[in-house]
1. Taking interchain pairs and intrachain pairs at least six residues apart, which have beta carbon atoms under 6 angstrom, with the first residue in the stretch 91-102 and under 12 Å from Met4 (Cα atoms) and the second surrounded by 10 or more Cβ atoms within 10 Å (Cβ to Cβ) and aliphatic (A, V, I, L, M)?
2. Which pairs do you get when a residue that is closer than 10 Å to Val46 by Cα, found in the stretch 1-21, comes within reach of a residue that is among the aromatic types (Phe, Trp, Tyr) and surrounded by 12 or more Cβ atoms within 10 Å (Cβ to Cβ), reach meaning Cβ atoms under 6 angstrom, with the pair 6+ apart or on two chains?
3. Return the only residue of Ala39, Ala16 being over 12 Å from the mean Cα position of the chain (by Cα) and within 24 Å of Lys108 (Cβ to Cβ).
4. Report every pair of residues separated by at least 6 positions or lying on different chains whose Cβ atoms are under 6 Å apart, first residue within the stretch 45-64 and more than 15 Å from Val82 (Cα to Cα), second charged (D, E, K, R).
5. Considering each of Gly110, Gly73 in turn, give the residue that is at positive phi and either of a type outside the set (Gly, Ala, Ser) or without any contact (Cβ under 8 Å) to a residue 12 or more places away in the chain (or both).
6. Do any strands (runs of 3 or more DSSP E) entirely within the chain hold 2 or more residues that are surrounded by 13 or more Cβ atoms within 10 Å (Cβ to Cβ), and if so, which?
Amino acid sequence: MKTMPIDQTPALVILASESRPHFKDREGQQPAIDRATGAHLHLVDVMFAFNGRAEVITAKVPEPGLGKGLKVGLPVVFTGLVASAWENEINGKDRHGISLRADAVTAKAGA
C-alpha cells in the first residue's frame, strides 16, 4: 500500500475527543493490531484547520504512541502521520477512501 507523509506544520491541530480503541469487527470484540509494532490501535479525532477551513479527521495511533496528558481542546502534533488509499468490495459495492496513521500523538510544545 502506498503512503504519503502529511506535513502538519502550517495547520492548527486540536484534539477533538478522547482516543478510543479501534476494532477489526463491528461488534467490538477483536482489537485492531498495528502491523509495525504489534500494539493495539486507537482512533484519535482531531480538528485540522488549514487555509481558513477546518475538518474533523480520525487517525489510527498505536497505544504506546498516545501521549501523556492529552486533553480535549489541546493543540497536538502527530509524529509520522501518513495517508494511505484503500479500496475493497462490500456487499457487491466498491468502496474506497483514505486512512490516516501516525506513530504517535503528543501535546504540542508550549501549549
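Read-outs throughout are calculated quantities, based only on the coordinates presented, and are distinct from any laboratory measurement. Here the structure is a predicted model, which means the values were calculated and not measured. All Cβ positions, even for glycine, are placed from backbone atoms using ideal geometry, and neighbour counts span all protein chains on display.
1. Listed by first residue and then by second, the contacts come to Ile98/Ala83; Ile98/Ala85; Leu100/Ala59; Leu100/Ala83; Arg101/Val82; Ala102/Ala59; Ala102/Val61; Ala102/Leu81.
2. Val13/Phe48
3. Ala39
4. Sorted first by the residue in the stretch 45-64, then by its partner, the pairs are Val56/Asp45.
5. Every option except Gly110 fails the conditions.
6. Per the criteria, 12-15, 41-50, 53-62, 76-79, 82-90, 93-101, 104-107.
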